[in-house]
Amino acid sequence: MTALPHSRLRPRGGAPTAPDRLLSVLAVFDHAHPALCLTDISRRAGLSLTTAHRLVGALTEWGALERDESGVYHVGLRLWEVAALAPRGLALRQVALPYLEDLYEATHENVQLAVRDGGEVVYTEWLAGRSSVGVHIRVGARWPLHATGVGLALLAHGEPEFQEAYRAGPLDAFTPYTITDPGRLRRVLAEVRRTGAAVSDRQVTDDALSVAAAVRGPDGTVTAAVSVVVPHADAQVPALVPRTPSAAARTPAPSPATPCSWTTSRCCRPMGAVPRLRRPAATATRTPPSRPSRTTPSPAR
């Protein structure tokens, strides 16, 4: 097991500081490693066992980590309480959820909410029915911006300098349809800005298509993106494109300075009835979708 990189934790070219080492302990936990013993924490963080023991003890005493009866450590409830204050996390989800549910009722497909963190998109909420197409996303998951609908919507409205730097970097491919050419990515982003919608066709898996649109904050700044993910074979892009930007435009984003002042009663306008999308006759026998689910991991684009 190798140590994790700490480029996001330490100054470039500098040695790890005490805060770097403390944060590196928290950074070893992810969706693939939600529970770790002390030895694994030490190895993944690149710390000596003595240092890891001291830092893990301090984090456990504060509540950032919890230790079960078998001696395995998990992320603690105290850390979740602090993370819940993030305006781009639960605060955004709280005000956006009624509009995501409206979009789900209009489509009965995967509906997702995401924000940008550097060159990646982070999913903060998703809704899915039993018959929705399978996706590779869960809340908290990260994907490169160029490979997802929400990522394209966010990248298209990023600073010009950031877009140029992103296009110049590696564009990883996940399927033969993933955008890997910088020139093509530039044209796609221009089309997103022109139409207000981003279409990601089979970029993560070869059986799904997503349509996404940006969510703007009170000052007009793009703060998040909303997407609908449908089976590629059933995709009705002309019908989905007007729906997704419409839902995104009505999704209020909390102000980072005063997240608690935004409530659905004060800041949200009723979305109104949205016509159900009709599937082609060939797919009419699919199992009727249930209420949107947020408890079973399901991926998205």
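List of remarks:
- Filter pass, residue 175 being closer than 25 Å to residue 124 by Cβ, open to solvent by less than 80 Å² (accessible area, probe 1.4 Å) and part of a loop (DSSP other than H, G, I, E, B): yes
- Residue count, the stretch 181-230 (criterion: assigned to a loop (DSSP other than H, G, I, E, B), of a type in the set (Gly, Ala, Ser) and at pLDDT 90 or above): 2
- Residue 166 meets the stated requirement of being of a type in the set (Phe, Trp, Tyr) and either touching a residue at least 40 places away in the same chain (Cβ under 8 Å) or under 20 Å from residue 118 (Cα atoms) (or both).
- Taking (1) at pLDDT 95 or above; (2) out of contact with any helix residue (DSSP H, G or I) (no Cβ under 6 Å at 6 or more places or on another chain) in turn, residue 167 satisfies each apart from (2).
- Hey, residue 155 open to solvent by less than 50 Å² (accessible area, probe 1.4 Å), at pLDDT 95 or above and aliphatic (A, V, I, L, M) or not: yes
- Positions within the stretch 204-222 being over 23 Å from residue 171 (Cβ atoms), polar (S, T, N, Q) and crowded, with 24+ Cβ neighbours inside 10 Å, in sequence order: none
The values are calculated or read from the model by the stated rules, or taken from the named source; none is laboratory data. Please read all numbers here as calculations on a predicted model, not as lab measurements. So basically every Cβ, Gly included, is an ideal-geometry build from the backbone, and we count neighbours across all protein chains shown. Note: areas computed on protein heavy atoms with side chains; ligands, DNA, RNA excluded. Shrake-Rupley method; radii C 1.70, N 1.55, O 1.52, S 1.80 Å.
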